[in-house]
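Before any comments, here is the structure.
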Amino acid sequence: MTRTKIRAAITGVGAFLPEYRLTNDELSTMVDTSDEWIMQRIGIKERRILKEKGKATSDMGAAAVKELLKKTNTHPAEVDLLICATITPDMPFPATANIIAHKTEIHNAWSFDLNAACSGFIFALSTGVQFIESGRYKKVIIVGADMMSSITNYKDRTTCPLFGDAGTAVMLEPTIEETGIMDYINRVDGLGQHHLHMKAGGSLRPASCETVENDEHFIYQDGQTVFKAAVSNMADVAVEIMKKHHLAAEDVAWLVPHQANMRIIDATARRMGLNKDKVMINIQKYGNTTAATIPLCLYDYETQLKKGDNVILAAFGAGFTWGSVYLKWAYDTPE
Ligand code: UT7
């Protein structure tokens, strides 16, 4: 007797974006930069910033989960597991996933955080897939949320134009149709750790007056090294998953790349042989929202996605971490 393969399918997407828009013109009053430089070198016009006092990553994640529950007609008690990908937790512990579950009245589930920086959504999605494919769970929520403004140094022109804040959530459910997550390839290389990290605030260098004075609680990035590693690894892994599944460029409906730099997105699409009209791009509106970029693209393009579309997700981030997911979109959304 052959057993029907259970796959995990994304059955809905929710998102939250803070109202405040930090434009390139405003950034130019804070550091020595210009709209022209940022548009040419990065491709970002504005980014959203969570300004309200007392609000944090969990609030954006919870707002996205609430929208997702509504869109998918799910009662919070039905949720089995919530995984939150973030590098800007509300606090080192407890997990932001626990706080989001509390804020959304998800009381019958367990939850945990996953730290893979800009690859966070892909790593968390790949993790969630296991619980569905095994038959253990029916509803798993993957949150990708980051309040990058809380760790961005607005005196450092080499990093402050890059990042924005957002919260997102997707629902994973079982399907026996030929849709859902078909495969993933994920990788890490700890040799990259020093090129993109936060130097202090962990057990290696606990917070002290000295770490604060030295600006060690902000993002540190060696931009050019990260750029080169991102271009080669993101494209390699996306091409690898296409080859593994015998997908030619014309078989791919959409590439959903991590939104870090327009030039990295272009290079990845070129290596895959894809025209730009098959690439989801919203970097100009939101910048790099770390774990939220890929689901935020799915959210923005949801009505254009058709059931059965071959979709490739690809990301690269601190760690270094990188990965690619091949999925067949599972539903049509009315315009
Ligand atoms: O998502 C996680 C992964 N992160 C990424 O993928 C980011 C990867 N890195 C990048 O996207 C790019 O390296 C940056 C956007 C961060 C920088 O672009 P770049 O083309 O690599 O610039 P650069 O660092 O080589 O700097 C070129 C020049 C420098 O001036 P000099 O030394 O040539 O006089 C910088 O000081 O541009 C200057 N510069 C700026 N000028 C105006 C750097 N930042 C700015 C700025 N405005 N904001």
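A few notes on this one:
- Among the residues of segment 89-112, those that are closer than 23 Å to Gly190 by Cα and either of a type in the set (Ser, Thr, Tyr) or surrounded by fewer than 21 Cβ atoms within 10 Å (Cβ to Cβ) (or both) comprise Pro92, Phe112.
- Criterion violated by Gln40 - all others in (1) within 16 Å of the ligand (Cβ to nearest atom); (2) free of Cβ contacts under 8 Å to residues at least 40 places away in the same chain; (3) touching a strand residue (DSSP E or B) at 6+ places or on another chain (Cβ under 9 Å) satisfied: (3)
- If you go through segment 160-183 and keep only what is in contact with a Leu (Cβ under 9 Å, 6 or more places away or on another chain), hydrophobic (A, V, I, L, M, F, W, C) and open to solvent by 10 Å² or more (accessible area, probe 1.4 Å), you end up with just Met182.
- Residue match in segment 102-113 (condition: within 19 Å of Tyr299 (Cα to Cα) and in a loop (DSSP other than H, G, I, E, B)): no
- Answer from Thr293, Thr303, Thr333 - the residue that is open to solvent by less than 10 Å² (accessible area, probe 1.4 Å), out of contact with any strand residue (DSSP E or B) (no Cβ under 6 Å at 6 or more places or on another chain) and either of a type outside the set (Lys, Arg) or in the same structural domain as Pro18 (by TED's automatic domain parsing) (or both): Thr293
- Given (1) more than 16 Å from the ligand (Cβ to nearest atom); (2) out of contact with any strand residue (DSSP E or B) (no Cβ under 7 Å at 6 or more places or on another chain); (3) open to solvent by 10 Å² or more (accessible area, probe 1.4 Å), number of the condition Glu26 does not satisfy: (1)
- Residue in segment 243-261 that is in contact with a helix residue (DSSP H, G or I) (Cβ under 8 Å, 6 or more places away or on another chain), open to solvent by 70 Å² or more (accessible area, probe 1.4 Å) and either within 16 Å of the ligand (Cβ to nearest atom) or not assigned by TED's automatic domain parsing to the domain that holds Phe316 (or both) present: no
- Which numbered condition Glu210 misses (of (1) open to solvent by 20 Å² or more (accessible area, probe 1.4 Å); (2) part of a loop (DSSP other than H, G, I, E, B); (3) without any contact (Cβ under 8 Å) to a residue 60 or more places away in the chain): (2)
- Enumeration of residues in segment 213-240 that are farther than 12 Å from Gly317 by Cβ, within 10 Å of the ligand (Cβ to nearest atom) and open to solvent by less than 60 Å² (accessible area, probe 1.4 Å): Asp222, Gly223, Thr225, Phe227, Val231
- In summary, helices (runs of 4 or more DSSP H) completely within segment 1-77 and bearing 2 or more residues that are under 23 Å from Tyr331 (Cβ atoms) and modelled with pLDDT of 95 or more occur at 57-71.
- Residue check, Glu216 in contact with a strand residue (DSSP E or B) (Cβ under 6 Å, 6 or more places away or on another chain) and not aromatic (Phe, Trp, Tyr): no
- Every listed requirement among (1) open to solvent by 10 Å² or more (accessible area, probe 1.4 Å); (2) within 16 Å of the ligand (Cβ to nearest atom) is met by Gly54 save one, (2).
- Verdict on Asn282 being surrounded by 19 or more Cβ atoms within 10 Å (Cβ to Cβ) and either of a type outside the set (Asp, Glu) or free of Cβ contacts under 8 Å to residues at least 24 places away in the same chain (or both): no
- Sub-7 Å Cβ pairs linking a first residue in segment 230-253 that is farther than 17 Å from Val311 by Cβ to a second residue that is modelled with pLDDT under 95 and assigned to a helix (DSSP H, G or I), at least 6 apart or interchain, number zero.
The values are calculated or read from the model by the stated rules, or taken from the named source; none is laboratory data. From a predicted model like this one, the values you see are computed outputs, not experimental measurements. So basically every Cβ, Gly included, is an ideal-geometry build from the backbone, and we count neighbours across all protein chains shown. Note: accessible area is taken over every heavy atom of the protein model, side chains too, but ligands, DNA and RNA are not part of it. Shrake-Rupley method; radii C 1.70, N 1.55, O 1.52, S 1.80 Å.
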